[in-house]
Structures are given as C-alpha cells and as structure tokens.
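Please treat every number below as a calculation from the coordinates, not as lab data. This one's a predicted model, so the numbers in the text were calculated from it and none came from an experiment.
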Amino acid sequence: MAEDRDEVLKARAYALWEEEGRPHGRDAAHWAAAEAELFGAAAADTAATGEDQPAAKPARKPRAAGAAPRRRKAE
C-alpha cells in the first residue's frame, strides 16, 4: 500500500516539476505539493516541516578567543 502511495506521489511530483519547466532543486517542494493535492494539507505540512522527527538541539554559542574554559556551577 505504501508503495502504491509513493508511486502516485512520484508521478504527481514529476508532473508538477515538468509544469514548472523542470527547475533544479525543487524536488521537496514538488513532493509536498503533490501530497497536499492528493492527501490533504496536513500530510504535506508534516513532510515539509519534519514534525515526525525529533527536533535538533540548538547550537552552542562559541567562546571568545582566549576565554577560560566553561565550568559547571556548584550545586
């Protein structure tokens, strides 16, 4: 069943890509648009935002050059 769904999505995303003149680097947008058309906007939102995957940790702020190493606070 999932294979059938992917084949339908692939065909529609390909058609959208061709309709836009075959632009480079828009595959994710075409896939999301195909999902929205075929299965509703909720499916496309999840795919576009990656909500089903865990969030990445925020990057740490870099230390200034020559700064002392960070130390844990005593509890």
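If the segment from Ala74 to Phe39 were pulled out straight at 0.36 nm per residue, it would be longer than the present Cα-Cα gap by 7.2 nm.
By how many nm would the segment from Lys10 to Ala29 grow when fully extended, if each residue of separation counts as 0.36 nm and the alpha-carbon distance is taken off?
5.6 nm
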